[in-house]
Amino acid sequence: MMNLPARKIYLGSLNDSPLGDLRIAASPRGLVAVEWVKSQLGLERYLARLKSDVEINQAKIQPYADQLLEYLNGTRKKFTFAIDWATLKPFQLKTLKAVYAIPYGQIRTYAEIAMQIGHPFAYRAVGRANATNPMALVIPCHRVIGADGKLHGYGGGDGLPTKTWLLKLEGKS
């Protein structure tokens with residue numbers, strides 16, 4: 001069972017980034033979601049499930065937007081803002097915390113993450129947890145690849161071309 005999410009969610013934007021327009025949601029506890037504008041409906045559904053009051057407030061979102069833009073411009077390698085982990089289910093939480101810990105410029109396989117979290121045969125479930133990652137870019141699911149060394153799926157932006165772009169940004173090609 002997931003923890004209770006914060007009662008208030010602030011929503012804002014990062015427009016004209018190198019990967020396009022993004023929407024950002026945060027609670028008083030930290031980041032809740034990052035999503036591309038073209039997936040706005042998915043973000044709205046996700047926020048509705050949290051049963052929190054949503055307020056458009058760019059000032060509250062701006063620190064997140066600033067760090068995301070620095071990352072996408074290649075001048076930031078680590079995010080320093082808080083993350084509100086309370087919105088995630090237990091397996092997803094364990095998986096995404098392991099993914100969040102992958103250092104900039106490094107990659108892991110789905111199987112390696114599954115082993116790391118103590119579920120060695122759950123690599124498909126690890127893939128599913130990554131596919132439902134509400135904080136793309138910040139929780140770097142683009143750093144997770146298949147055991148065959150190939151890129152397998154990416155739900156953000158333009159899919160695999162976006163994953164390729166992010167890995168290239170971090171020095172992996």
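Bear in mind that the values in this text are calculations on the coordinates, not laboratory data. Bear in mind that the values here come from a model prediction, so they are computed numbers and not experimental data. We place every Cβ from the backbone using ideal geometry, glycine too, and count neighbours over all the protein chains shown.
With label points built 7 Å along Cα→Cβ from the Cα atoms of Arg29 and Arg124, find their separation and express it in nm.
Once both label points are built, they end up 3.1 nm from each other.
Taking all pairs of different Cα atoms in the range 63-128, averaging 1/r and flipping that mean, what Kirkwood radius in angstroms comes out?
13.3
Just to be sure I understand: of the beta bridges DSSP finds with both ends in the range 8-72, what percent are antiparallel, rounded to 5?
Antiparallel bridges: around 75 percent, rounded to the nearest 5.
Counting other beta carbons within 10 Å of each Cβ, put Phe79, Phe121, Phe91 in order, fewest first. Please report the intermediate quantities before stating the final value.
Numbers: Phe79 20, Phe121 9, Phe91 15.
Listing Phe79, Phe121, Phe91 from fewest to most nearby Cβ atoms yields Phe121, Phe91, Phe79.
Computed on alpha carbon atoms, what radius of gyration and Dmax characterise the range 88-169, expressed in Å?
11.4, 32
Among the listed pairs Lys8/Lys163; Lys89/Lys168; Lys38/Lys97; Lys77/Lys150; Lys51/Lys168; Lys97/Lys163, give every one whose C-alpha distance is greater than 29 Å.
Correct reply: Lys8/Lys163; Lys89/Lys168; Lys51/Lys168.
For the range 14-32, list residues with backbone N below 13 Å from a point placed 7 Å from the Cα of Arg7 toward its Cβ?
28
Tell me which label goes with the value of Kirkwood radius over Cα pairs in Å computed from the coordinates here: (1) 16.2; (2) 18.9; (3) 17.7.
This structure yields the entry labelled (1).
Apply the Debye scattering formula to the range 124-173, with a single equal point scatterer on each alpha-carbon and no solvent, then give log10 I(q)/I(0) at q = 0.21, 0.23 Å⁻¹.
The Cα Debye sum returns log10 ratios of -0.69, -0.83.
With each label point set 7 Å from Cα along the Cα-Cβ vector, what nm distance links Lys150 and Gln58?
Between Lys150 and Gln58, the label points sit 4.3 nm apart.
If the range 52-95 were replaced by its equivalent ellipsoid, with semi-axes equal to the square roots of 5 times the Cα gyration tensor eigenvalues, what would those be, largest first, whole Å?
23, 18, 7
Quick check on the range 8-72: what does the Kirkwood estimate of hydrodynamic radius come out to from the alpha carbon pairs, in Å?
11.7 Å is the Kirkwood radius here.
Could you check the spin-label model distance between Ala131 and Asp16? Points 7 Å from the Cα along Cα→Cβ, value in nm.
According to this spin-label approximation, the distance is 3.6 nm.
Can you put Lys150, Lys38 in order of Cβ neighbours within 10 angstrom, beginning with the fewest?
Working: Lys150 8, Lys38 11.
The fewest-first ordering by Cβ neighbours comes to Lys150, Lys38.
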